[in-house]
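See structure below.
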Ligand SMILES: Cc1ncc(COP(=O)(O)O)c(C=O)c1O
């Protein structure tokens, strides 16, 4: 087991959770049409659905909530928010939004025209959906190692620079209005991107005159990986690494529900004055006035304080250690996972865990159902339901991996919760026949995993 530091905090408030009886869970999952998004949270024992917006806030953040200035325009918390984020990122304009996908919508709707291509290592589901909504196409160019759960590589979130250059050469800025990198690469196993890769990506985009944006939700965790895994970085502070990371970009979208340690919120960082003006005009229609962007003053304060806390090295060492330890517990129980573990979750490789279930019967989704049934645990499928689609001939196209993401909320669960979860997976491994393939009975066009309904086979 890795030797990782104990929690650099103690627990001051608790929230009771309970495991409902097995026959009740059976009933609840059937009522939810075998989609864990449709369960009531109170029927879940350990909720590993997402690390987004699920953090426990600190006493300092809760104290900040009471200083909320709820004026419509120019509230004092906005100026603290702006100052904090500018000092971390260096971006000229800091625009608050209510969450990450709002940042995507506002930015993209000012940049994308039909037929445009947007390259990235791997676009997150809402990012891809926002691109497609505007009739653009997201192009995922993660390195080959990043598509193989068993391959070891310190930065499996890196973009393939050769493939990126080919795309830029072929389509140029006429069809590529901007490029992105997701740090860490959530849909590719929460894997980090190296500083060198970020720097070279930026250089490539700039050589074609194409703006480059970071999807920065987990930039602090990514900076920690750079510190501990990348040559020559170990003596630098997380803040210095983060600042250099942002210096290579022309802007960013950010969901503060991750490395902002807040329950809601996000921002856009932009250097370009014209683009800033355009986004400001759009946001009044969708998000609110420029200084609150769909958030209360108290939320802006919680985010500003949370962003500072998430850069603390002791916090990050514990957090990344906790994820690694959970991964080791699963490996010890013989469960195949994406290795090495990434920043915010352990990803179970469902395709090799249950090879008996074919891809068109959604093995990773079937495992999310089994986890709830067996132990009241909620995880999320990142596989054929989330990213699968039909091609022009009506044939199924599946993403490279069939994963179940067990995301770890920040500062919420302790090691005994993870021991319990590993025990549940071990029981499923002993009785794999209980995991049943599924057939889709309802699906929406975009982001179908949120609303999909199934029949068990
Ligand atoms: C990489 C990435 N980008 C964007 C988003 C969207 O953020 P939000 O959920 O705040 O809209 C998420 C959320 O999980 C994410 O992980």
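Laboratory data are not the source of any read-out in this text; all were calculated from the coordinates shown. This is a predicted model, so every value here is computed, not measured. Cβ coordinates were reconstructed from backbone atoms using ideal geometry, including for glycine residues, and neighbour counts include every protein chain displayed.
Working from Cα pairs under 8 Å separated by at least six residues, relative contact order for the stretch 389-457 is 18 percent.
Reported to the nearest whole Å, the Cα centre-to-centre distance from the stretch 358-435 to the stretch 245-287 is 32.
Which shape class applies to the stretch 119-265: rounded if a/c is under 1.5, otherwise prolate when a/b exceeds b/c and oblate if not, where a ≥ b ≥ c are the square roots of the Cα gyration tensor eigenvalues? Show your work: numbers first, answer last.
Working: a/c = 1.44, a/b = 1.27, b/c = 1.13.
Rounded, because the longest to shortest axis ratio a/c is under 1.5.
Among 247-254, 171-178, 126-133, 198-205, how do they line up from the highest to the lowest mean number of other beta-carbon atoms within 10 Å? The partial results should precede the final answer.
On the way: 247-254: 23.6, 171-178: 15.6, 126-133: 21.1, 198-205: 19.6.
Output ranking for 247-254, 171-178, 126-133, 198-205: 247-254, 126-133, 198-205, 171-178.
Tell me, what is the FRET efficiency for residue 10 and residue 42 to the nearest 0.05, using R0 = 25 angstrom and their Cβ-Cβ distance as r?
Values: r = 26 Å, r/R0 = 1.04.
It comes to 0.45.
Counted residue by residue at 0.36 nm each, then reduced by the alpha carbon distance between them, the extension gain from residue 396 to residue 312 reaches 25.8 nm. In whole Å, how far is the Cα centre of the stretch 152-180 from that of the stretch 291-356? Computed from Cα coordinates, the inter-centre distance equals 26 Å. FRET efficiency for the residue 414 to residue 272 pair, using the beta carbon distance and R₀ = 45 Å, is estimated at 0.50. According to the square roots a ≥ b ≥ c of the eigenvalues of the Cα gyration tensor, what is the shape class of the stretch 9-115, taking rounded for a/c under 1.5, prolate for a/b larger than b/c otherwise, and oblate for the remainder? Note, shape of the stretch 9-115 comes out oblate.
Under the criterion of Cα pairs below 8 Å and six or more residues apart, the relative contact order for the stretch 296-453 equals 24 percent. Sequence-distant contacts, meaning Cα pairs under 8 Å at least 6 residues apart, place the relative contact order of the stretch 243-368 at 15 percent. Peptides 428-434, 211-217 ranked from most to least packed, by the mean per-residue count of other Cβ atoms within 10 Å: 211-217, 428-434. Label the stretch 219-305 by shape, choosing from rounded, prolate and oblate, from the square roots a ≥ b ≥ c of the eigenvalues of the Cα gyration tensor; if a/c is under 1.5 it is rounded, and otherwise prolate applies when a/b is larger than b/c, oblate when it is not. Because a/c hits 1.5 or more and a/b fails to exceed b/c, the stretch 219-305 counts as oblate.
For the listed peptides 92-99, 13-20, a ranking on the average number of other beta carbons within 10 Å per residue, highest first, reads 92-99, 13-20. The helix-based estimate of mean residue ellipticity at 222 nm for the chain, built from -39,500 (n - 2.57) per DSSP H run of four or more residues and divided by its residue count, is -12000 deg cm²/dmol to the nearest 500. Label positions at residue 67 and residue 432, each projected 7 Å from the Cα along the C-beta direction, are separated by 5.5 nm.
Computed FRET efficiency, Cβ-Cβ of residue 27 and residue 207, R0 60 Å: what is it to the nearest 0.05? The partial results should precede the final answer.
Numbers: r = 59 Å, r/R0 = 0.98.
With a Förster radius of 60 Å, E is 0.55.
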